[in-house]
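What follows is calculated from the coordinates using simple rules that are stated; it is not laboratory data. Remember, predicted model here, so these are calculated numbers, not experimental data. Cβ coordinates were reconstructed from backbone atoms using ideal geometry, including for glycine residues, and neighbour counts include every protein chain displayed.
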Amino acid sequence: MCAIAAPDRLGKRHMRLRYIELFHAVLSTGSLTGAANLLNISQPAASKALQQAESHLGFPLFSRVRGRLQPTQQALLMRHQIDRLMRDLYDLRRLAVNITRPESHPLRVTSTPALAQTLVPDAIAQLGKVYPAATVELFTQHSAVMCESLMLREADIGLTLQDISHHGLWQEPLCRGNIKVIAPPGWWSERDLERPLPIKALAGQPMIGITVQDALGAMLQSHLSKVEPAPRTNVWVQTYQLACSLVARGGGLALVDPFTAQCSREPVQKRSLKLQLDVVLYAVYRPDSPLNCVQMRFLDHVRELAQEILSAP
């Protein structure tokens, strides 16, 4: 579609950033007009930039097919790398914006869904009594996405029950608890409720499976796989809260974290699982950004409330 000039006088074929952005925009929209609108430039400017990009590279990037621009074989070979570069560029811009945010911006907390529904709201409420003018932004994310948000400075503190072991983040253990077994009302006697439940007692029992893809879930599944006969699991869910709802309605037993078990409003019975496996509540943050007084006070509230929840009968 465009005349291809010889490589530049240094003999190097390269792509400048604006060429990369244009290439990605044309791939996304399928036309120069769409790419120009996406980049907020004129259509002639987009056409000229595309010609320059092809001239520098020494081969065409697009051919016109029935009024639309189709990537050439050479362009398709570069597409994966271009997409990755654009994601990295977008992350870099997000990081640059967040670095320059003034310190007066809200406390930004990212938490796993289970903690966001059981522990974090009370901690935020207590923080508001000490700092009534403070504002808080709360996100719910799984641990892998949480790490990305913290590294890009989109969040200040993460709360998780997973050992994330990220080289760029510091994780502080706040408290430890035990895995809980929950059951429908009346499943166990009052005397049974006072004793931890051996994992072998789950043999052949109806259970609600939880498909949480994390280290804790993997360890629990590993222990359950050794129980004979295996528990009978016909229903699988993605959250501990949904498991509580199904258990309360007679769906069987389930293994959940201690915060979900203690704070659930569902009428379930709960016992500690007799297993050498602690659940650790971690606060995660960047080591290059010391916590300010509001952030430290928030973590104090989280720690105190978590210990109260875990020590409740």
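Placing +1 on the Cβ of every Lys and Arg and -1 on the Cβ of every Asp and Glu, with no other charges, gives segment 124-251 a dipole of roughly 480 debye about its Cα centre. When you filter the GluC sites (Glu not before Pro) in segment 134-207 for DSSP loop state and at most 15 other Cβ atoms inside 10 Å of their Cβ, you are left with GLU194. Taking the chain as a Gaussian network of alpha-carbon nodes connected by springs under 10 Å, the highest mean-square fluctuation of the residues ASN292, ASN40, ASN234 belongs to ASN40. Computed over neighbours whose Cβ is under 15 Å from that of LEU39, the net charge equals +3, Lys and Arg +1, Asp and Glu -1. The Cα atoms of the chain cover 86, 51, 31 Å along the three principal axes, with the biggest extent listed first. Helices in the chain, meaning DSSP H runs of at least 4 residues, each add -39500 (n - 2.57). Divided by all residues, the mean residue ellipticity at 222 nm is -13500 deg cm²/dmol. List the residues of segment 123-155 whose backbone N lies under 16 Å from a point placed 7 Å from the Cα of HIS167 along the Cα-to-Cβ direction. In segment 123-155, the label zone of HIS167 (backbone N under 16 Å from the point 7 Å along Cα→Cβ) covers 148, 151.
Between the Cα long axis of helix 120-130 and the first principal axis of the chain there is an angle of about 90°, rounded to the nearest 10. The angle separating the long axis of helix 17-29 from the principal Cα axis of greatest extent in the chain is about 70 degrees. Sparse packing (at most 10 other Cβ atoms within 10 Å of the Cβ) combined with a DSSP loop state is found for the following trypsin sites (Lys or Arg not before Pro) in segment 181-232: LYS226.
Please give me the summed charge of the neighbours of GLN262: other residues whose Cβ is under 13 Å from its Cβ, Lys and Arg +1, Asp and Glu -1. After counting each charged neighbour, the total is 0.
Look at MET146, MET86 and count the other Cβ atoms within 10 Å of each Cβ; fewest to most, that gives MET86, MET146.
Database remark: amide H of ASP156 closer than 5 angstrom to the amide H of ARG108, VAL109, THR110 (H placed geometrically; neighbours at sequence offset of 5 or more, or on other chains; Pro and chain starts carry no H). Rounded to the nearest 10 degrees, the inclination of helix 73-99 to the longest alpha-carbon principal axis of the chain is 60 degrees.
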